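Notes to accompany the following structure.
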Amino acid sequence: MIARFLIYGVGIAAFLAAPHLFAEYHLFQFCLIAATALVVLGLVVVTGLAGQISLAQAAFVGLGGYGPAILATSWGVPLWAAIPLMALGVGAAGFVLGQMTLRISGHYLALATMAFTAIVQLSFIHSDPVTGGAAGMPVPPLRLLGVTLSNGGQLYYVILPTTVLLFVLVRNVLQSRFGRALTAIRQSETAAEAMGLNVLRYKAAAFASSGFLGAIGGALLSLLSTYLDPGQFGITQSVYFLAIAVVGGMTSPLGAVIGSAMFILIPDFLQSFQSYLGLVFALLLLGFIVLRPNGLAAMGPRLVEWVSHRHRVVRR
Amino acid sequence: MLAQVLVSSATAGAVYALIALGFVLIHKGTGVVHFGYGDQVMFGAYLVLIGRVMLGLSFWPATVCALLASALLGALIYGGFMWPLRNASLLARIIASLALGTVLREFVRAYMGPNAWPFPFLLSPTAVPVAGVLLVPANLAIIGVSFGVLGLLFLMFEKTIYGKAIIAACDNQIGAGIVGVRVSYVFLAIWILASVLATLAGILVAPLLTLSPDMGLIGIKGFTAAILGGFSSLTGAVLGGISLGILEALPGTYISSALKDMISYSILILVILIRPQGLMGALMIRKV
């Protein structure tokens with residue numbers, strides 16, 4: 001109990017100290033990692049835990065970015081209200097999409113979610129009057145309690161707490177009946193159904209939460225980039241999020257954070273090789289899925305095990 | 001007007017049929033839906049371009065080199081990734097095939113640049129009026145080559161022992177193994193054949209579309225065609241390709257061209273949901 005409070009205390013202290021220790025650019029990077037991790041967390045829930053492959057994540061992210069921006073510019077809804085509202089809407093869309101899993105799985109599900117992403121992206125491009133068409137649209141800055149939050153240093157105080165809150169929430173839900181049901185469904189749908197689980201409802205709920213998390217993450221990403229480009233919400237981007245999930249580790253929420261940190265920070269180290277970034281990410285994905293399909297998050301505990309085992313052997 | 005639309009859509013349909021055939025070959029034979037296949041189509045066209053620009057070859061030698069190189073690529077994909085993953089989960093295999101496509105696309109983007117390249121037509125692209133319908137020699141060449149290749153494939157599957165071995169291994173791996181078919185060799189042959197088909201489709205389609213790293217998106221059209229045809233029959237794939245070409249050309253001409261792609265994707269979702277066995281496939285019952 002004391003240890004847990006100590007961890008919380010250290011976490012809060014680190015959160016408050018970071019703005020004084022790091023430059024604004026680094027705070028922007030932290031925000032980017034946090035928002036991306038939220039998007040990937042959605043993928044961890046639906047693909048990693050429930051075992052339903054989804055290439056719809058970029059569409060959810062796009063809807064989460066466009067929705068609030070349109071509500072704010074055309075209807076005058078404040079962003080702080082529009083973002084959760086839209087996320088609930090996207091979650092509902094995810095639930096409807098999840099109903100498809102009654103009839104399809106595997107390859108066909110991947111294809112259907114892929115087509116969903118393509119359709120959503122095309123509708124962004126072809127609804128010029130509302131979305132700005134292929135040129136994209138600017139995102140108005142977030143105003144909270146009369147303060148305008150525009151740069152990474154200011155958004156830090158909103159994005160990091162939101163991410164931590166949602167991660168704790170998701171972690172707790174996953175350790176409950178819901179998480180165990182998803183794991184059961186991933187391992188064998190037939191067995192889960194025989195045990196009395198309403199498999200379709202759980203799968204649709206997993207899709208709904210991936211939609212909700214993707215939309216929140218997408219809204220936060222759009223606040224950081226301040227501009228929405230429809231080219232960024234296609235199938236390629238869905239594969240990019242999948243790559244983060246695979247490299248980080250698909251079966252734990254921690255993997256979403258590790259993968260996002262890696263994919264956001266690598267470009268910093270490879271600045272002189274900008275044109276090879278895409279290739280590096282693609283090779284990482286290929287390498288991990290063939291050699292280490294459980295990702296980095298699963299390598300940590302195994303490393304600890306291996307080291308302690310070695311230790312024991314030496315002592316003996 | 002209608003006749004004109006049908007003639008023009010046959011060009012796209014023929015190419016979709018070629019791509020769908022590659023999907024079906026790989027899926028039926030090895031149980032993998034190759035999500036990177038569209039990118040292999042794109043890569044095939046770039047192989048010709050690389051031969052012409054980097055090695056200074058003329059068109060036909062470059063094409064032959066590209067076909068040989070893509071055969072090698074197919075063998076590499078099978079030996080390097082699909083064979084080691086043969087016992088992995090379906091999810092892992094789907095992601096691996098997506099990753100393979102992404103690697104090809106990003107390789108091209110890094111080495112050939114993100115911009116579009118011009119690509120030569122096989123015949124002249126100027127239209128000739130025949131009986132009130134405008135015919136484009138270049139498009140006719142595409143249709144001709146596609147159907148020629150399709151015919152050759154049918155001959156191979158129907159008349160040669162190799163084709164029959166492939167069909168046997170597709171239908172029943174264990175049974176084919178018992179009667180002396182080396183199933184792993186057959187899989188290798190399927191991957192090589194499908195890669196060569198992809199390159200061929202790429203060479204045919206590149207002048208119609210713009211040759212850029214994102215041309216691989218045409219793969220989705222191939223998926224749609226394959227699903228329309230049932231994803232397990234070779235004849236179905238050909239019919240699916242041609243019907244998709246017509247289905248997307250009609251609203252594209254009469255309603256709005258922006259709708260064209262959306263219609264393909266909607267057909268994809270609808271067919272998956274309503275008739276996953278395709279327009280002419282038989283229903284397969286999955287056993288527990």
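Every number in this text was worked out from the coordinates using simple rules, so none of it is lab data. What you see is a predicted model; the values in this text were computed from it and never measured. Here the Cβ is made from the backbone with ideal geometry for all residues, glycine too, and neighbour counts use every protein chain on show.
Below is a table of values for the structure above.
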| quantity | calculated |
| --- | --- |
| Helix runs (DSSP H) in chain A reaching 24 Å along axis by Cα, Kyte-Doolittle at least -1.0 | A:2-21, A:24-43, A:57-75, A:79-99, A:106-126, A:152-174, A:199-225, A:253-269, A:295-315 |
| Convex hull projection area averaged over all views, the stretch B:42-115, Cα basis, nm² | 5.3 |
| Average beta carbon contacts from partner chains per residue of B:28-41, 10 Å cutoff | 1 |
| Neighbourhood charge, 15 Å Cβ-Cβ cut-off, centred on A:Phe124 and excluding it, Lys, Arg +1 and Asp, Glu -1 | -3 |
| Distance between modelled label sites at B:Asn87 and A:Gln271, nm, 7 Å Cα→Cβ extension | 4.8 |
| Phi-based couplings in Hz for the stretch B:100-107 (Karplus 6.51, -1.76, 1.60; Gly and Pro marked x) | 4, x, 5, 4, 4, 5, 6, 4 |
| Stokes-Einstein translational diffusion, chain B - Kirkwood Rh over all Cα pairs, 1.306 mPa s, 10 °C, in µm²/s | 81 |
| Relative exposure of A:Thr47, B:Thr235, judged by other C-beta atoms within 10 Å (fewest first) | B:Thr235, A:Thr47 |
| For residues of A:52-61, the mean tally of beta carbons on other chains within 10 Å | 1 |
| Extreme residue, positive dipole direction of chain A, given options A:Pro301, A:Phe95, A:Gly62 (C-beta unit charges) | A:Pro301 |
| Burial ranking of peptide ranges A:204-213, B:68-77, B:157-166 (average Cβ count within 10 Å, highest at the top) | A:204-213, B:68-77, B:157-166 |
| Least to most buried among B:Ile143, B:Ile203 (fewest other Cβ within 10 Å first) | B:Ile143, B:Ile203 |
| Hull-based mean projected area of the stretch B:1-134, where the convex hull spans the alpha carbons, in square nanometres | 10.7 |
| Fewest-first ranking of B:Met42, A:Met195, using other Cβ atoms within 10 Å as the exposure measure | A:Met195, B:Met42 |
| Among A:Pro140, A:Ala194, A:Phe167 - extreme Cα towards positive end, dipole of chain A, charges at beta-carbon | A:Ala194 |
| The stretch A:139-271: Rg to Rh, with Rh as the Kirkwood radius over Cα pairs | 1.03 |
| Cα-based convex hull volume of the stretch B:82-207 per residue, rounded to whole Å³ | 165 |
| Radius of gyration and maximum dimension Dmax of the protein assembly as shown, Cα, Å | 25.4, 93 |
| About the Cα centre, charge dipole magnitude for chain B (Lys/Arg +1, Asp/Glu -1 at Cβ), debye | 540 |
| Expected-Rg normalisation [2.2 N^0.38 Å, Cα atoms] applied to the stretch A:1-53 | 1.57 |
| Interchain or long-range residues, amide H under 5 Å from B:Leu211's placed H | B:Trp117 |
| Under 5 Å, built H, 5+ apart or other chain: amide partners of A:Leu144 | A:Leu149 |
| Percent RCO, i.e. relative contact order, over chain B, from Cα pairs under 8 Å lying at least 6 residues apart | 35 |
| Within chain A: Cβ-based charge dipole about Cα centre, in debye rounded to nearest 20 (Lys, Arg +1; Asp, Glu -1) | 1260 |
| Inter-chain Cβ neighbour average for residues A:117-126, partner chain, 10 Å | 4 |
| Using alpha carbons only: equivalent-ellipsoid semi-axes of chain A, gyration tensor based, whole Å | 30, 26, 20 |
| Rounded to the nearest 20 debye, dipole of the protein assembly as shown from Cβ charges on Lys, Arg, Asp, Glu | 1800 |
| Dipole-positive endmost among A:Ala205, A:Ser225, A:Leu270 within chain A (Cβ charges, Cα centre) | A:Ala205 |
